[in-house]
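Below: one structure, written as structure tokens.
The values are calculated or read from the model by the stated rules, or taken from the named source; none is laboratory data. None of the values given here were measured: they were computed from a predicted structure. Here the Cβ positions follow ideal geometry from the backbone for every residue, glycine too, while neighbour counts run over all protein chains shown.
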Amino acid sequence: MLVVMKAQATPEEIQAVCETIQQLGLRAHPLPGAQRTAIGITGNKGEVERGNLEALAGVAEVIRVSKPYKLASREVKQEDTVLRFPLCGNQPEASIGSRALAIVAGPCSIESREQAFAIAEQVAASGAQFFRGGAFKPRTSPYAFQGLGLEALRIMDEIRTRFGLRIITEALDNESLDLAAEWADVIQIGARNMQNFSLLKRAGRQQKPVLIKRGLSATLEEFLMSAEYVMSEGNYQVVLCERGVRTFADHARNTLDLSIIPAVKRLSHLPILVDPSHATGRRDSVLPMARAAIASGADGLLVEVHDHPEKALSDGPQSLYPEQFAAMMDELAQIAPVVGRSLKM
Ligand code: PEP
Ligand code: MN
């Protein structure tokens with residue numbers, strides 16, 4: 001259910017509606033919009049008695065949300081959600097979901113301070129606002145490099161202050177989630193954990209924005225339900241990321257499903273990034289898919305970059321050389337205005 005407040009409703013009236021919802025044993029999710037505030041209601045087993053709520057001061061109407069994902073749906077919030085990262089020290093303003101494209105770049109894994117610094121310096125110079133790097137890696141083999149853990153988080157913390165980049169890193173489990181929440185600016189939930197519901201709920205109970213990668217065989221509804229898990233706990237700062245799904249095609253690591261972008265935009269207010277690196281697994285496919293992603297309406301990209309990909313401890317074959325990343329950014333600067341976007345804030 002959704003309570004739509006009148007445009008002129010006061011903060012006190014909004015507060016009073018939230019309290020009434022809580023007294024009914026339900027959860028209230030106030031979602032301010034440009035025109036009006038909507039208050040999502042979750043926790044109800046059946047229909048909520050709308051009469052009680054409709055009679056409250058400042059309420060325009062009470063409506064049923066038809067989709068199984070409620071807080072993530074456009075029915076509840078019409079305006080696009082924009083995640084804002086305000087100016088902080090040498091970190092310029094950044095955003096995800098605004099007209100400005102959000103560009104996340106960096107190695108698959110943080111391998112050493114030297115490696116991470118060299119890559120961060122180059123992606124920052126090319127205009128990335130976010131630095132990615134795995135500290136805890138979900139590897140198919142238990143014998144493969146598992147990440148440097150806390151040491152990697154410390155390295156990325158230094159990178160933040162040195163290069164003014166925001167840090168995105170993946171949480172694999174409760175312990176790494178708490179660490180990522182402490183050290184990173186955005187927490188990534190990987191494709192393999194997209195339906196780890198207890199992890200999603202924990203991500204919803206902390207304050208940092210959460211980037212959710214689409215599961216290897218997840219439908220759009222399952223993807224949005226994962227976002228709903230995070231939001232249902234009170235964290236509305238959620239970003240989706242399409243990273244390819246598994247199909248019969250064997251010319252690429254996965255099949256990039258760009259058609260999900262207009263579908264997400266139609267059904268949800270949440271921003272969506274595209275990861276052409278994991279989607280293709282091949283360096284030579286990253287640029288063409290990056291172009292297509294931006295042309296399709298993605299809010300930005302997540303791209304793997306490595307200064308010595310042949311020596312990378314994970315995902316070398318799909319990692320761009322820093323010069324290729326710079327060339328990609330030059331191309332995107334030309335494509336962006338054609339689709340009403342820009343590369344700068
Ligand atoms: C990653 O971003 O390094 C990663 C492991 O991604 P995914 O969860 O999409 O496979
Ligand atoms: Mn990777």
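Select from the range 288-299 the residues that are crowded, with 24+ Cβ neighbours inside 10 Å and of a type outside the set (A, V, I, L, M) and list them in ascending order.
Answer for the range 288-299, where residues must be crowded, with 24+ Cβ neighbours inside 10 Å and of a type outside the set (A, V, I, L, M): just ASP299.
Being farther than 20 Å from LEU172 by Cβ and basic (Lys, Arg), is that true of even one residue in the range 259-277?
Yes - at least one qualifying residue is present in the range 259-277.
Regarding VAL305, is this residue of a type in the set (Val, Ile, Thr), out of contact with any helix residue (DSSP H, G or I) (no Cβ under 8 Å at 6 or more places or on another chain) and within 14 Å of ligand 1 (Cβ to nearest atom)?
Here the answer is no, as VAL305 does not meet what is asked.
Residues are listed down the side, and each one gets a yes or a no for (1) more than 19 Å from the chain's Cα centre (by Cα); (2) away from ligand 1 (no atom under 12 Å from the Cβ); (3) outside any loop (DSSP other than H, G, I, E, B); (4) charged (D, E, K, R):
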residue: TYR236; (1), (2), (3), (4): no, yes, no, no
residue: ASP250; (1), (2), (3), (4): yes, yes, no, yes
residue: LEU258; (1), (2), (3), (4): no, yes, no, no
residue: ALA263; (1), (2), (3), (4): no, yes, yes, no
residue: LEU273; (1), (2), (3), (4): no, no, yes, no
residue: LEU287; (1), (2), (3), (4): yes, yes, yes, no
residue: ALA298; (1), (2), (3), (4): no, yes, no, no
residue: PRO317; (1), (2), (3), (4): yes, yes, yes, no
residue: GLU323; (1), (2), (3), (4): yes, yes, yes, yes
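Scanning the range 133-185 for residues that are touching a Ser or Thr at 6+ places or on another chain (Cβ under 9 Å) and aromatic (Phe, Trp, Tyr), which turns out farthest from ARG202 (Cα to Cα)?
PHE145
Just to verify a result, which residue in the range 38-96, among those that are among the polar types (S, T, N, Q) and at pLDDT below 95, is surrounded by the fewest Cβ atoms within 10 Å (Cβ to Cβ)?
SER66
Looking at (1) over 21 Å from GLN195 (Cβ atoms); (2) touching a Phe, Trp or Tyr at 6+ places or on another chain (Cβ under 6 Å); (3) surrounded by 22 or more Cβ atoms within 10 Å (Cβ to Cβ), which is the only condition ALA152 fails?
(2)
Scan the range 147-166 for residues that are within 16 Å of ligand 2 (Cβ to nearest atom) and under 16 Å from the mean Cα position of the chain (by Cα) and jot them down.
Those that are within 16 Å of ligand 2 (Cβ to nearest atom) and under 16 Å from the mean Cα position of the chain (by Cα): none in the range 147-166.
Please determine whether any residue of the range 261-271 is under 29 Å from GLU121 (Cα atoms) and within 16 Å of ligand 2 (Cβ to nearest atom).
No, the range 261-271 contains no residue that is under 29 Å from GLU121 (Cα atoms) and within 16 Å of ligand 2 (Cβ to nearest atom).
Among the listed residues LEU267, LEU302, which satisfies the condition of being within 19 Å of the chain's Cα centre (by Cα), surrounded by fewer than 24 Cβ atoms within 10 Å (Cβ to Cβ) and touching a residue at least 60 places away in the same chain (Cβ under 8 Å)?
Going through LEU267, LEU302 in turn, the sole match is LEU267.
Just checking, which of ALA336, ALA327 is more than 16 Å from ligand 2 (Cβ to nearest atom) and in contact with a strand residue (DSSP E or B) (Cβ under 6 Å, 6 or more places away or on another chain)?
Residue meeting the stated conditions: ALA336.
Kindly establish whether ARG253 is buried (at least 18 other Cβ atoms within 10 Å of the Cβ), farther than 22 Å from VAL82 by Cβ, modelled with pLDDT of 95 or more and among the charged types (D, E, K, R).
The answer is yes for ARG253.
Can you name every one of the strands (runs of 3 or more DSSP E) wholly within the range 1-77 that holds 1 or more residues which are polar (S, T, N, Q) and under 29 Å from the mean Cα position of the chain (by Cα)?
Because the criterion is at least 1 residues that are polar (S, T, N, Q) and under 29 Å from the mean Cα position of the chain (by Cα), the strands (runs of 3 or more DSSP E) in the range 1-77 that meet it are 37-42.
Can you find a residue that is closer than 26 Å to TYR143 by Cβ, in contact with a Gly (Cβ under 9 Å, 6 or more places away or on another chain), surrounded by 24 or more Cβ atoms within 10 Å (Cβ to Cβ) and at pLDDT 95 or above anywhere in the range 308-319?
Yes, the range 308-319 has at least one match.
Out of the range 206-215, which residues are within 16 Å of ligand 2 (Cβ to nearest atom) and not in a strand (DSSP E or B)?
Selection gives ARG214, GLY215.
What is the residue count in the range 85-127 for residues that are under 18 Å from LEU211 (Cα atoms) and within 16 Å of ligand 2 (Cβ to nearest atom)?
The total comes to 6.
Regarding the range 323-345, can at least one residue be identified that is under 29 Å from GLN195 (Cα atoms) and buried (at least 20 other Cβ atoms within 10 Å of the Cβ)?
no
If only one of ALA191, ALA218, ALA144, ALA203 is within 16 Å of ligand 2 (Cβ to nearest atom), crowded, with 19+ Cβ neighbours inside 10 Å and touching a residue at least 24 places away in the same chain (Cβ under 8 Å), which one is it?
After ruling out the rest, the residue left standing is ALA191.
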